[in-house]
Structure formats: structure tokens, C-alpha cells
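Each remark here refers to the structure printed beneath this line.
The values are calculated or read from the model by the stated rules, or taken from the named source; none is laboratory data. It should be emphasised that the depicted structure is a prediction, and the values quoted were computed from it without experimental measurement. Counting neighbours? That spans all protein chains shown, and the Cβs are built from the backbone with ideal geometry, glycine included.
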Amino acid sequence: MTAELLGAVDLTKLAAQSMDQLTVSEQILIDQLVQLQQMQDSLLKAKNASASYNALQAFSQTPYLPCYELTAGTKVGQWNAQGVEAYNQAYRQAAALLKNKGAAVQDYAEALKHWQEAVASLTVVQPEAGKFYTVRKADVKGNLFLYADADNVLQLSAEVDAT
């Protein structure tokens, strides 16, 4: 009978070890499922961020869009100070996001929105009515005198020989 008891004890130990191994295997499977879910979430996030990144990248390729920081001035043809600061801030934010991929979808969307708003708010110092302006030609043989008429449209005056 002792042999039977020893056999039963061995079977109980074996069953307990099997249960422990089953619990460990189950925990490994749960850990693997969690890792797979995290990978799927990160891939979905990357896919969504990629679309927003691509929209920001496409906007940065817009023709005539200044892709550098602007400086304001008070002379005709220079940028007005009101829009320059907002533009420079939006440009720096967008440039940083375009350089370092991996931001959140919302970051790309906000950067695009702020940059578009900043571009829309940019203005250039316009000629004043009644003032005369000189435009120098590259060949330096003469100057063209321009003036803004009452409708703030530049008009050409007679050419004067500069020599």
C-alpha cells in the first residue's frame, strides 16, 4: 500500500507541476497578446499620423510659400510685423514636426492649421498714395519712377537717364 501511496503522491506532484506549467504558459500567452495589441495600436497610430504628416508635407511644398523664417520691415514690399511673428512660430513648429517624424496625429493637424492661418494673415507693406518710388534697373542706365495713384495702383512716370 505504501507503494500505491507513493505512486499517488508522485502523480499529485506531477499534476501540480503540470498545473504550474500551464499557469506559466497561460501567463506567457497573455503577455504575448498584450504585446500584439500594443503593436497593432502603434501601427494604427502610425498610419493615422502618416496621413496627417503627409498633409503637412504637401502644404510645405505649396508654390510661393516661404519656407524660412521671415523678417518684418517698414519699407514697401517687406512683411508687416503683425503676421510675421505668428508665421515664424507656426513655421518653426511645422519644420520641427516634419524633421522628426513620430508625433501624434493631433500635433500634425494643429501644426498644419496654425501654419495655414499664419500664411493667410501675412501682409506686405503696400505703397502709400501720393508718394513716389524709385525702381533701379539692373543695367543701371536709367531709373524708373513709380508712384501710387489715388486708387493705390502703381503708375510709371517718365524714365530719367541716370548717367
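Set side by side, the residues 110, 117, 85 differ, and just one is surrounded by 12 or more Cβ atoms within 10 Å (Cβ to Cβ) and under 30 Å from residue 132 (Cα atoms), which is 85. Of all residue pairs spaced 6 or more apart or on separate chains, those with beta-carbon atoms under 7 Å, a first member in region 109-125 that is within 13 Å of residue 89 (Cβ to Cβ) and a second member that is of a type outside the set (Phe, Trp, Tyr) and assigned to a loop (DSSP other than H, G, I, E, B) are 119/65. Kindly evaluate residue 56 against the criterion of being within 14 Å of residue 102 (Cα to Cα) and modelled with pLDDT of 85 or more. It is true that residue 56 is within 14 Å of residue 102 (Cα to Cα) and modelled with pLDDT of 85 or more. Residue 1 passes every criterion in (1) surrounded by 10 or more Cβ atoms within 10 Å (Cβ to Cβ); (2) at pLDDT below 80 apart from (1). Counting only residues that are surrounded by fewer than 14 Cβ atoms within 10 Å (Cβ to Cβ) and within 22 Å of residue 71 (Cα to Cα), region 88-107 holds 2 of them.
Yes/no matrix, rows are residues, columns are (1) out of contact with any Phe, Trp or Tyr (no Cβ under 6 Å at 6 or more places or on another chain); (2) β-branched (Val, Ile, Thr); (3) farther than 18 Å from residue 52 by Cα; (4) modelled with pLDDT of 75 or more:
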| position | (1), (2), (3), (4) |
| --- | --- |
| 99 | yes, no, no, yes |
| 105 | yes, yes, no, yes |
| 117 | yes, no, no, yes |
| 120 | yes, no, yes, yes |
| 125 | yes, yes, yes, yes |
| 129 | yes, no, yes, yes |
| 136 | yes, no, yes, no |
| 139 | yes, no, yes, no |
| 147 | no, no, yes, no |
